[in-house]
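Colleague: I have a structure I would like to understand better, so I am pasting it below and will then ask my questions one at a time.
The values are calculated or read from the model by the stated rules, or taken from the named source; none is laboratory data. For clarity, every value in this text was computed on a predicted model and none was experimentally measured. No Cβ is skipped: glycine too gets one built from the backbone with ideal geometry, and neighbour counts run over all protein chains shown.
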Amino acid sequence: MIPGFAILLGLQLVGEIVAHALGLPVPGPVLGMALLVAGLAAWSFAGGPDPLRAEAPLGRAADGLLGSLAVLFVPAGVGVVQYLDLIAAEGTAIVVTLVASTVITMVVTAATFRLVKRLTGRGDEEVES
């Protein structure tokens with residue numbers, strides 16, 4: 001599991017270095033994640049073994065993080081409790097924003113899916129049961 005975490009932290013570090021060196025307005029961890037996705041895609045296209053299988057270092061790190069996912073939400077819960085008075089005062093605006101952003105996200109996702117389906121030529125296939 002340690003080699004997998006080392007890979008993840010190394011990519012995060014590279015992302016931080018690139019973000020600071022180039023003055024990009026993107027957080028380093030986001031760049032690190034983009035590097036991870038690009039690396040996994042390149043590895044897959046090169047025909048390498050699946051790096052996310054359970055016995056692979058990245059797979060073990062991913063399983064460990066997923067096993068602790070509930071604990072990672074504790075700081076967010078504490079933050080919500082800390083600002084309950086602000087949430088109560090701005091509750092209507094928060095709810096409207098959450099509902100609107102959810103609907104917009106769903107519509108854009110569906111439209112993107114349909115566009116990609118048309119562009120790849122898979123829009124005419126029928127689903128078999």
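Colleague: Please indicate, with yes or no, whether at least one residue in region 79-102 is under 30 Å from ILE7 (Cβ atoms) and either at pLDDT below 95 or not small (Gly, Ala, Ser) (or both).
Modeller: Let us first name the residues in region 79-102 that are under 30 Å from ILE7 (Cβ atoms), namely 79.
The next check asks that each one be either at pLDDT below 95 or not small (Gly, Ala, Ser) (or both); those that pass are 79.
Within region 79-102 (the criterion being under 30 Å from ILE7 (Cβ atoms) and either at pLDDT below 95 or not small (Gly, Ala, Ser) (or both)), the answer is yes, since at least one residue qualifies.
Colleague: If you take the residues of region 3-42 that are among the β-branched types (Val, Ile, Thr) and under 17 Å from ALA56 (Cα atoms), which of them is surrounded by the most Cβ atoms within 10 Å (Cβ to Cβ)? Quick ask: steps written out before the conclusion?
Modeller: Within region 3-42, the subset among the β-branched types (Val, Ile, Thr) is 7, 14, 17-18, 26, 30, 37.
When the remaining residues are screened for being under 17 Å from ALA56 (Cα atoms), the result is 7, 37.
Values: ILE7: 16, VAL37: 11.
Top of the filtered list is ILE7.
Colleague: What number of residues in region 29-51 are over 25 Å from ILE17 (Cβ atoms) and under 18 Å from the mean Cα position of the chain (by Cα)?
Modeller: The number of residues fulfilling the criteria is 0.
Colleague: Do you know which residues across region 42-60 are part of a loop (DSSP other than H, G, I, E, B) and either hydrophobic (A, V, I, L, M, F, W, C) or within 25 Å of PHE5 (Cβ to Cβ) (or both)?
Modeller: Narrowing region 42-60 to residues part of a loop (DSSP other than H, G, I, E, B): 46-56.
Matches in region 42-60: ALA46, GLY48, PRO49, ASP50, PRO51, LEU52, ARG53, ALA54, GLU55, ALA56.
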